[in-house]
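To start, the structure itself, in structure tokens.
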Amino acid sequence: MEKTYSLTAHYDEFQEVKYVSRYQSGTLPNGFALQLGAGTKKRSGGGGLPRWSRREICLLSGLVFAAGLCVILTCMLVLKYLAAEGDSYCLEGCQEKKAFLRASRFLSANMDATIDPCQDFYSFACGGWLRRHGIPEDKLVYGTIGAIAEQNEAKLQALLSRPVRRRAPTSAERKVKEFFRSCLNRAEIDRLGPRPMLEVIGECGGWDASPGSGDLNELLYKTQGVYSAAVLFSLTVSLDDRNTSRYVIRIDQDGLTLPERTLYLGQDEESEKILAAYRVFMERLLTLLGAEHVEQKAQEILQLEQHLANITVSEYDDVRRDVSSMYHKVTLGELQRITPTLKWKRLLDRIFHDNFSEDEEVVLLATDYMHKVSDLIRVTPSRILHNYMLWRIVVVLSEHLSTPFRDAIHELSKEMEGNEKQLELGKVCLSQANKHFGMALGALFVEEYFSSASKAKVQQLVEDIKYILDQRLDELDWMDEETRRAARAKLQYMMVMIGYPDFLLKPEAIDKEYEARGTQGHTVWEMGPTSV
């Protein structure tokens with residue numbers, strides 16, 4: 001029987017510190033907010049890490065060029081509407097002329113007319129902007145999108161610094177602002193030191209426990225369901241790729257701390273250095289937490305992650321790029337037979353507060369991997385599995401701890417990407433506020449900076465484009481009727497998402513999303529991590 005799951009939609013432009021490297025592009029798994037991609041120094045060669053093919057580079061270049069054109073067109077449209085709103089007294093045609101003059105000045109200022117576009121189109125189109133902007137010390141790359149993001153970050157920090165208007169205990173505005181201010185209170189966080197994390201470790205049985213099968217599944221629930229730490233695999237809810245009218249539980253390979261499996265394999269000098277830095281990072285955090293036999297623990301956990309890396313398929317592999325070949329819908333009963341060492345029904349019942357039947361369907365994206373994970377669980381001592389799962393919780397929550405923990409994260413980040421400067425505390429706290437209270441933060445931004453009239457105009461513009469596209473289909477003589485009908489159906493079902501969802505303008509709706517979060521407590525730890 002199908003169930004429909006509701007998801008909390010997070011607006012995560014600033015959710016996590018991004019890493020931009022040749023290993024992978026994205027964010028480190030499950031909230032491990034290393035400040036990767038924040039430095040200015042680039043690393044040289046190394047033979048074992050993934051390389052992009054010429055075809056992929058060409059495709060990426062084309063995509064970047066197309067994105068640039070889209071940005072230019074968007075700027076022109078925005079300027080047009082701004083001019084139309086601000087100059088309503090103009091005679092007919094006046095607004096368009098002013099808007100295009102402003103757009104032309106904007107574009108010409110960012111170009112370099114001294115460059116021959118036939119020789120170097122990039123410098124011709126962007127040279128003016130490049131002359132006026134350098135790469136900030138805390139970033140590895142920088143561009144117009146990054147500049148806009150910084151402007152928005154400054155606006156969001158200013159909004160969070162304003163006095164609370166809706167002071168009711170249920171107010172999401174109050175919760176996100178108090179969370180942000182608690183995060184900035186480093187003196188209190190440093191006073192607590194490792195104590196908050198030690199309490200979590202104690203609740204999970206402490207280091208070196210040797211649980212039986214039942215306790216293993218209990219800790220699995222805490223890591224995946226309470227602390228959002230992926231261990232051994234990831235567990236998410238998203239739209240079903242083959243039936244977008246419903247949500248489905250997806251299970252995939254996961255559980256590594258470093259961003260790319262090849263870093264665990266030591267295939268070249270650079271990855272060996274990163275692996276050594278990761279080992280130092282592990283020992284440093286374990287020491288800060290007062291663990292015993294630190295070197296042994298770090299070695300055992302690292303070896304288990306290396307085993308996981310060996311059975312993990314690289315995201316660069318063709319198999320991982322073909323979603324249709326990865327997609328396997330199985331029942332809970334079938335999933336239990338694939339991985340008999342795990343208690344799936346009990347796990348999902350507790351995480352989703354439901355009572356699933358054995359016939360409930362989930363999407364398994366890494367069938368062979370899950371077979372091997374089950375075998376790995378069977379042959380790995382339970383004490384090591386327990387310590388590994390605790391370590392994954394530590395990794396996810398360490399960003400909320402005191403300065404020595406943040407310094408350790410930065411040292412590993414510096415080794416991986418060369419960034420000498422840590423992110424400013426305000427940016428770190430904004431990232432954490434958005435991670436835990438994304439919609440509440442988005443609601444503040446929308447209320448302050450978005451115009452419902454402008455949104456309506458853009459929506460009408462999109463509808464006009466859809467109408468013209470529909471009309472154009474009749475003019476395509478090369479298209480047969482079956483394809484034309486399919487194209488019209490796709491156009492009809494196209495989901496238009498402009499600006500923001502309307503519920504962000506309803507404070508009570510936002511309050512309800514965060515009703516489980518209290519305002520009690522004076523530290524970011526008490527208000528955030530354990531309720532994620």
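Give, in nm to one decimal, the length gained when the segment between residue 425 and residue 287 is fully stretched (0.36 nm per residue of separation minus the Cα-Cα distance).
47.2 nm
What distance in nm separates the two pseudo spin-label positions at residue 191 and residue 475, each 7 Å out from Cα along the beta-carbon direction?
Spacing of the two 7 Å Cα→Cβ label points: 7.1 nm.
Which order do the peptides 180-193, 152-165, 224-237 take when ranked by the mean count of other beta-carbon atoms within 10 Å per residue, highest first?
The peptides rank, most packed first, as 224-237, 180-193, 152-165.
Go through region 357-366 residue by residue and turn each phi into a ³J(HN,Hα) via Karplus (6.51, -1.76, 1.60, θ = phi - 60°); whole Hz please, and just put x for glycine and proline.
Rounded to whole hertz, the list is 8, 5, 8, 4, 9, 10, 9, 9, 9, 8.
So, by mean Cβ neighbours within 10 angstrom, what's the order for 349-357, 280-288 with the highest one leading? Before the final figure, lay out the partial values.
Details: 349-357: 14.0, 280-288: 19.6.
Listed from highest to lowest mean packing, they are 280-288, 349-357.
Rg and Dmax in Å for region 194-400, alpha carbons only: what are they?
17.4, 52
Run the numbers for residue 142 and residue 483: contour at 0.36 nm per residue of separation, minus the present Cα-Cα distance, in nm. Provide the component values of the computation, followed by the final result.
Details: separation 341, 0.36 × 341 = 122.76 nm, distance 4.23 nm.
Here the answer is 118.5 nm.
Could you work out how much longer the chain between residue 181 and residue 162 gets when fully extended? Use 0.36 nm per residue separation minus the Cα distance between them, nm to one decimal.
So the chain would gain 5.8 nm between residue 181 and residue 162.
Using a basic spin-label model with each label point 7 Å from the Cα along Cα→Cβ, how many nm lie between residue 118 and residue 503?
My value for the distance between the label points is 5.7 nm.
What number comes out for the charge environment of residue 230, summing +1 per Lys or Arg and -1 per Asp or Glu over other residues with Cβ under 10 Å away?
Working: positive: 392; negative: 252, 254.
Local net charge: -1.
Compute the separation of the alpha-carbon centres of region 426-478 and region 343-381 and state it in Å as a whole number.
37 Å
Around residue 207, with a cut-off of 10 angstrom between Cβ atoms, what is the net charge of the other residues, counting Lys and Arg +1 and Asp and Glu -1?
0
Report the antiparallel proportion of the DSSP beta bridges in region 194-400 as a percent, rounded to a multiple of 5.
Of those bridges, close to 85 percent are antiparallel.
Over 18 Å between Cα atoms, which of 297/372; 177/427; 273/427 qualify?
From 297/372; 177/427; 273/427, over 18 Å: 297/372; 273/427.
Tell me the net charge near residue 110. Cut-off is 14 Å between Cβ atoms, residue 110 excluded, with +1 for each Lys or Arg and -1 for each Asp or Glu.
Cβ neighbours under 14 Å give a net charge of +3.
Any read-out appearing in this document is the output of simple, stated calculations on the displayed coordinates, not a laboratory observation. Values in this document were obtained by computation on a predicted structure and should not be read as measured data. Heads up, the Cβs are rebuilt from the backbone with ideal geometry, glycines too, and the neighbour counts pull from every protein chain shown.
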